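Trainee: Below is the structure I would like to discuss, written out as structure tokens.
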Amino acid sequence: MSQRVLVRYGIIPEVSRFPQTLDSSPERGASVIVHTRRGVELGTVLEFVKADANREGTADDADHRPTEQLLRVATADDHVQADELRAAAQAEFAAWQQRLRDWNLELELIDVEWMLDKQKLVLYVLGGRGPDTTKLALQAATLGFPIEVQPVNAEGLVQIESGCGCGHGGTCGRG
């Protein structure tokens with residue numbers, strides 16, 4: 001049985017299981033760097049769990065995807081970079097609100113977040129996945145913006161079906 005680490009990450013938090021592949025196990029509450037479906041992110045260790053050998057390959061095990069990895073324990077430099085990216089994302093918030101208005105999209109932007117590797121900006125919008133979230137992803141892609149649109153509702157994140165965030169299975173030219 002392999003050990004898995006539950007890690008919380010993201011501005012609007014997600015929790016995933018990651019295989020524990022580090023030389024030494026980080027403690028509960030430790031900051032770690034993880035590679036998620038969205039990119040490289042700063043996370044917090046919540047708990048260690050053992051994978052049940054009888055459940056390997058089941059839906060329970062499916063919450064670990066090959067691209068999701070526990071990379072390392074975070075350093076002070078990682079925290080500085082995360083703070084800088086958070087400030088940069090907040091500085092871009094008003095510009096993205098204006099783009100939503102200019103593109104006549106009926107979406108309410110509630111937050112923005114750069115991935116730690118700065119390969120993607122996640123735009124959190126209120127509501128479910130619909131035509132306007134698709135239009136936003138496509139419009140941004142045509143202008144070369146590396147974004148993912150993440151709808152949020154009262155229960156939290158609305159599940160994303162594709163890697164690009166547009167709902168078209170990655171066919172927006174970025175996936």
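Trainee: Filter the stretch 61-76 down to residues that are modelled with pLDDT under 95 and exposed (fewer than 14 other Cβ atoms within 10 Å of the Cβ) and give me whichever is nearest to LYS118 (Cα to Cα).
Mentor: Among them, the one singled out is THR67.
Per-residue answers, yes or no, for (1) under 16 Å from GLY10 (Cα atoms); (2) at pLDDT 90 or above; (3) over 16 Å from the mean Cα position of the chain (by Cα):
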| residue | (1), (2), (3) |
| --- | --- |
| GLN90 | yes, yes, yes |
| ARG101 | no, yes, yes |
| LEU105 | no, yes, yes |
| LYS118 | yes, yes, no |
| VAL122 | yes, yes, no |
| GLY127 | no, no, yes |
| GLN139 | no, yes, yes |
| GLN150 | yes, yes, no |
| GLY175 | no, no, no |
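Trainee: Please determine whether any residue of the stretch 123-142 is touching a residue at least 40 places away in the same chain (Cβ under 8 Å) and of a type in the set (D, E, K, R).
Mentor: Scanning the stretch 123-142 turns up no residue that is touching a residue at least 40 places away in the same chain (Cβ under 8 Å) and of a type in the set (D, E, K, R).
Trainee: Looking only at residues that are under 17 Å from VAL49 (Cα atoms) and among the β-branched types (Val, Ile, Thr) in the stretch 1-16, which one is surrounded by the fewest Cβ atoms within 10 Å (Cβ to Cβ)?
Mentor: VAL15
Trainee: Has the stretch 77-84 got at least one residue that is at pLDDT 95 or above, aliphatic (A, V, I, L, M) and in contact with a Gly (Cβ under 8 Å, 6 or more places away or on another chain)? Steps first, answer last, please.
Mentor: Quick first cut of the stretch 77-84, residues at pLDDT 95 or above only: 77-84.
Then keep just the ones that are aliphatic (A, V, I, L, M); that gives 80, 82.
Then keep just the ones that are in contact with a Gly (Cβ under 8 Å, 6 or more places away or on another chain); that gives none.
No: the stretch 77-84 contains no residue that is at pLDDT 95 or above, aliphatic (A, V, I, L, M) and in contact with a Gly (Cβ under 8 Å, 6 or more places away or on another chain).
The values are calculated or read from the model by the stated rules, or taken from the named source; none is laboratory data. These figures come from a predicted structure and were not determined experimentally. Quick reminder, even Gly has a Cβ in these numbers, built from the backbone with ideal geometry, and neighbours come from all protein chains shown.
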